[in-house]
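Q: The structure's right below; bear with me while I get my questions together.
The values are calculated or read from the model by the stated rules, or taken from the named source; none is laboratory data. Just so we're clear, the structure is a prediction, and the values are computed from it rather than from any experiment. Quick reminder, even Gly has a Cβ in these numbers, built from the backbone with ideal geometry, and neighbours come from all protein chains shown. Quick note on the areas: whole protein, heavy atoms, side chains included, nothing else; ligands and nucleic acids left out. Shrake-Rupley method; radii C 1.70, N 1.55, O 1.52, S 1.80 Å.
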Amino acid sequence: MQNGPVREAGDGWVLVVPLKPLRLAKSRLAAAAGDELRPALALAFALDTVAAALRCPAVAGVLVVTEDPAAGERLRGLGGPPGGTGVPEGRVAVLPDGPGRGLNAAVTHGVRAVRAGAGPSGARGGRAPVAALNADLPALRPEELARVLGAAAGHARSFLADAAGSGTTLLAVAPGTEPAPAFGPHSRARHLASGAVELAPPGVAGARQDVDTGDDLRAALALGAGPHTTAAVCGHGGEAFGAFRRCGASRG
Ligand SMILES: Nc1nc2c(ncn2[C@@H]2O[C@H](COP(=O)(O)OP(=O)(O)OP(=O)(O)O)[C@@H](O)[C@H]2O)c(=O)[nH]1
Ligand SMILES: C=C(OP(=O)(O)O)C(=O)O
């Protein structure tokens with residue numbers, strides 16, 4: 001697995017990636033994927049999301065917030081072993097969910113931890129710009145994330161709406177700004193109402209394409225999902241997601 005360029009400590013964004021325990025995650029996908037494949041898909045989406053993020057030159061590191069230790073270990077492995085990528089502790093750190101529970105509590109907990117210096121190697125603690133990024137973006141591409149973060153750099157607090165136009169896939173905050181996350185159904189309207197700036201960079205379809213349903217997964221596969229998602233889909237009946245021709249042609 002490619003870990004991206006070796007970075008000097010202190011530059012770039014830290015991404016806070018919340019991940020629900022896999023046994024519970026992506027419950028809306030159960031109808032299309034079944035309960036055997038659903039957790040594997042949830043992990044594959046997260047692996048592809050984080051792997052793409054690590055290949056984005058604007059990203060210093062990733063803090064995964066999850067109550068699922070096994071999933072956390074898989075994701076931590078993408079950041080490389082301690083010292084193995086030229087940074088002392090790897091580029092992916094894992095933090096258990098904080099008290100309060102739920103997605104927004106997890107994001108707030110993660111941002112606070114980064115600012116307290118508990119983030120991945122390469123982060124600047126309180127001086128790093130931070131973005132919460134959902135873990136269900138299997139078609140995310142590094143260059144898309146670079147465009148989104150480049151657009152976010154000019155704002156104290158900003159967000160990217162999802163492909164459906166009702167939700168949010170990324171919420172970015174400058175140092176010193178509270179994230180005040182309002183993720184969940186219809187979060188685009190809540191983030192707008194809270195004063196966050198909506199980002200509109202061109203060419204970021206994969207960064208917007210979150211996967212909640214079978215139709216969303218078909219859309220992500222059509223955009224070009226990453227290798228973990230492609231392998232999970234193709235290993236368990238890719239035909240269910242119209243992926244016959246894509247199986248064996250992982251984007252890598
Ligand atoms: N750490 C943490 N992450 C969460 C929690 N709830 C949701 N997430 C993550 O937040 C992101 C967006 O959530 P959803 O798109 O609703 O994903 P989900 O909750 O797995 O999907 P459904 O079960 O279908 O609602 C995903 O990366 C989830 O894994 C939570 O309680 N704790
Ligand atoms: C958490 C969100 O996504 P979803 O609608 O996928 O739950 C959101 O859009 O804020």
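Q: Can you go through Gly224, Gly203 and tell me which one is away from ligand 2 (no atom under 13 Å from the Cβ) and more than 17 Å from the chain's Cα centre (by Cα)? Before you say what the answer is, go through the steps one by one.
A: Values: Gly224 fails: more than 17 Å from the chain's Cα centre (by Cα).
So the residue among Gly224, Gly203 that is away from ligand 2 (no atom under 13 Å from the Cβ) and more than 17 Å from the chain's Cα centre (by Cα) is Gly203.
Q: Next up: Check the stretch 159-178 and report whether any residue there is in contact with an Asp or Glu (Cβ under 8 Å, 6 or more places away or on another chain), open to solvent by less than 40 Å² (accessible area, probe 1.4 Å) and farther than 28 Å from Ala219 by Cβ.
A: No; the residues of the stretch 159-178 include none that is in contact with an Asp or Glu (Cβ under 8 Å, 6 or more places away or on another chain), open to solvent by less than 40 Å² (accessible area, probe 1.4 Å) and farther than 28 Å from Ala219 by Cβ.
Q: Given the criterion in contact with a His (Cβ under 9 Å, 6 or more places away or on another chain), at pLDDT 95 or above and crowded, with 24+ Cβ neighbours inside 10 Å, identify the matching residue among Val148, Val65.
A: Val65
Q: Mind checking whether some residue in the stretch 167-176 is within 8 Å of ligand 2 (Cβ to nearest atom), outside any loop (DSSP other than H, G, I, E, B) and not hydroxyl-bearing (Ser, Thr, Tyr)? Write out each step before concluding.
A: First, pick out the residues of the stretch 167-176 that are within 8 Å of ligand 2 (Cβ to nearest atom): 167-169.
Checking the rest, the ones that are also outside any loop (DSSP other than H, G, I, E, B) come to 168-169.
Then keep just the ones that are not hydroxyl-bearing (Ser, Thr, Tyr); that gives none.
No: zero hits.
Q: Under 8 Å by Cβ, and 6 or more places apart or on different chains, what pairs join a residue from the stretch 17-28 that is part of a loop (DSSP other than H, G, I, E, B) with one that is exposed (fewer than 13 other Cβ atoms within 10 Å of the Cβ)?
A: The qualifying pairs are Leu22/Ala70.
Q: Follow-up question, since we're still on this one. Of the residues Arg208, Arg190, which single one is of a type in the set (Lys, Arg), crowded, with 20+ Cβ neighbours inside 10 Å and within 16 Å of ligand 1 (Cβ to nearest atom)?
A: Every option except Arg208 fails the conditions.
Q: If you check Val59 against the conditions, is it of a type in the set (A, V, I, L, M) and within 17 Å of Asn104 (Cα to Cα)? Outline the logic, then answer.
A: Values: of a type in the set (A, V, I, L, M): yes; within 17 Å of Asn104 (Cα to Cα): no.
For Val59, the condition - of a type in the set (A, V, I, L, M) and within 17 Å of Asn104 (Cα to Cα) - is not met.
Q: Does Asn104 fit the bill of being at pLDDT 95 or above and over 14 Å from the mean Cα position of the chain (by Cα)?
A: It is true that Asn104 is at pLDDT 95 or above and over 14 Å from the mean Cα position of the chain (by Cα).
Q: Given the criterion under 13 Å from Val130 (Cβ atoms) and out of contact with any Phe, Trp or Tyr (no Cβ under 8 Å at 6 or more places or on another chain), identify the matching residue among Gly150, Gly176, Gly184, Gly154.
A: So the residue among Gly150, Gly176, Gly184, Gly154 that is under 13 Å from Val130 (Cβ atoms) and out of contact with any Phe, Trp or Tyr (no Cβ under 8 Å at 6 or more places or on another chain) is Gly176.
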